[in-house]
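Q: Sharing a structure here in structure tokens format.
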Amino acid sequence: MRWLITLIATVAVACTATPVVLPSSGAAVTPTASRDASPTSAGTSVPVTPSPSPTATFSDLLVHAAADARGVLAVETTSSSTAGIAGKTAITVVPLDGSARRQVVSYTRGPEPVTAFDYLSLSRQLSADGHRLVLSDPVDVAGEGLAIVDLVAGSARRVALEMMASQPAWSPDGTQIAYIGRKSNGHLTLVDGIWIVNADGTGARRVVPDDGSGYSIGFVYTWTPDGSGVVYTGKDGVGVVDVASGTVTRIGEFAAGGAPIAVRARQPSIAILLNGDTRRVDERLEIRDRLDDAGRMVLHSDHYLVDPRWRPGADELLLNYPDGEGASPLAELVIVDAVTGTVRTVPTPFFVRSAAWTADGSHIVYADLHEVRIRDADGSHDALLLREPAATQAGGTYIGGLVPFAPH
């Protein structure tokens, strides 16, 4: 099985001032390179919800209040060619009207091997109401716990844990966080199991133990729509664990990549990408009303696809192609109707590394490493929202995952 390792992002640099014609208005806008937000407190955290421990002070993590900013969240990673210089991560709000982005979070990524098996996925780390982001890789908490950031208020707090945490995921109601716990034996970082902790930092408990090898669990993907279980992948394929009983149900063979599943409350509620043959690409997209259903195939492909996203208010799914690990990326987006099985493709000016619907489902926002663009849901009226300068031998800033940002 080929695991898709998602590129992580960090501190944003000034975007090129390029005229933008927005699909909705047709008006030309020139994004500015200036930043319009400043830290509410340089390194001082403020409790977001009641915590059993005193408020922690972060030495590196900075949080900027998003206030009324809306659009998409983008991850930006700044790398350096100098050995031993840690990567910097920034999360910014990119408005859909072409105006200047607003940085809301910035931090230094923790060192390996503590963060070697972690990757940032905004779709599972952003709470359903859009207010809170849970992080495991900032240097302030890496190997020791989690940081919970309130993006709207501009505050943060620490959740202390007894082991390394990676791949955190919010429950649908925002009361619990699932994560993979890891321990070090001095030479290797090994999986301990899948854990659940309450959002206030209490009640940490293991719901799926490792099988003793230290490598039996690969990814935490998401929670079930009703919040009763956590979907993950392991040696035996894709499974869902009931967090109350610890019962594990296998729901499919190996999934393709690091983000193969999308869930929602309305039916059909599950879209999952599965690959039935580890020797070749045999990708299929299955639609299910419940995770333990047999599934109905709506797409079969000889190219890997990743990251299905339900369109708000509709039954369409947006997908893109991965890169590396033997994949054959194409410069297009794929849109599938989960009910009729109708497939349409949208040609793009570059190979897409991340894509998302806007919060109202009216537009698609997509990006490669250096640009974020927007177009109508039918694929028309393409426009530039953000551009980073090309990387040099000295390093550069790279754009990562996108998710809609419209706190409610």
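Q: At 0.36 nm per residue, and after removing the present C-alpha to C-alpha distance, how many nm does the segment from S245 to S362 gain when stretched out fully?
A: Extra length available between S245 and S362 comes to 38.1 nm.
Q: At 10 °C and 1.306 mPa s, grab the translational diffusion coefficient of the stretch 338-391 from Stokes-Einstein with a Kirkwood Rh over Cα pairs, rounded to a whole number in µm² per second.
A: The diffusion coefficient I find is 131 µm²/s.
Q: Dimensions of the stretch 156-203 along principal axes (Cα, Å, largest first)?
A: 37, 19, 18
Q: Something else: Could you calculate the FRET efficiency of D236 with A128 from 1/(1 + (r/R0)^6), where r is the beta carbon distance between them and R0 is 25 Å, rounded to 0.05?
A: With a Förster radius of 25 Å, E is 0.30.
Q: What are the ³J(HN,Hα) couplings of the stretch 334-343, residue after residue, when phi is run through the Karplus curve with 6.51, -1.76, 1.60 and θ = phi - 60°? Round to Hz, x for glycine and proline.
A: Running phi through 6.51 cos²θ - 1.76 cosθ + 1.60 with θ = phi - 60° gives 10, 10, 10, 7, 5, 8, 8, x, 5, 10 Hz.
Q: What residues qualify as long-range amide H neighbours of G400, i.e. H under 5 Å apart, gap of 5 or more or another chain, H built at 1.01 Å from N?
A: Residues meeting the criterion, in which the H sits 1.01 Å from N, are V75, E76, T77.
Q: Further question on the same structure: According to a simple spin-label model (label point 7 Å from Cα along Cα-to-Cβ), what is the distance in nm between A160 and R290?
A: Distance between label points: 4.2 nm.
Q: Let me ask something else. Between D68 and D226, what length comes free when the chain is fully extended (0.36 nm per residue of separation minus the Cα-Cα distance, one decimal in nm)?
A: Additional length available on full extension: 53.9 nm.
Q: Rounded, prolate or oblate: which fits the stretch 151-242, taking a ≥ b ≥ c as square roots of the Cα gyration tensor eigenvalues, rounded meaning a/c under 1.5, else prolate when a/b beats b/c?
A: Verdict is oblate for the stretch 151-242.
Q: Something else now. I need the phi-derived Karplus couplings for the stretch 281-296: 6.51 cos²θ - 1.76 cosθ + 1.60, θ = phi - 60°, integer Hz, Gly and Pro marked x.
A: For the stretch 281-296, the Karplus-derived couplings read 7, 9, 7, 9, 9, 10, 10, 9, 7, 9, 4, 8, 5, 5, x, 10 Hz, x marking Gly and Pro.
Quick note: the coordinates plus some simple rules give every number you see, no bench work behind them. All figures in this text were calculated on a predicted structure; none of them were measured in a lab. Glycine gets a Cβ as well: all are built from the backbone with ideal geometry, and neighbour counts include every protein chain shown.
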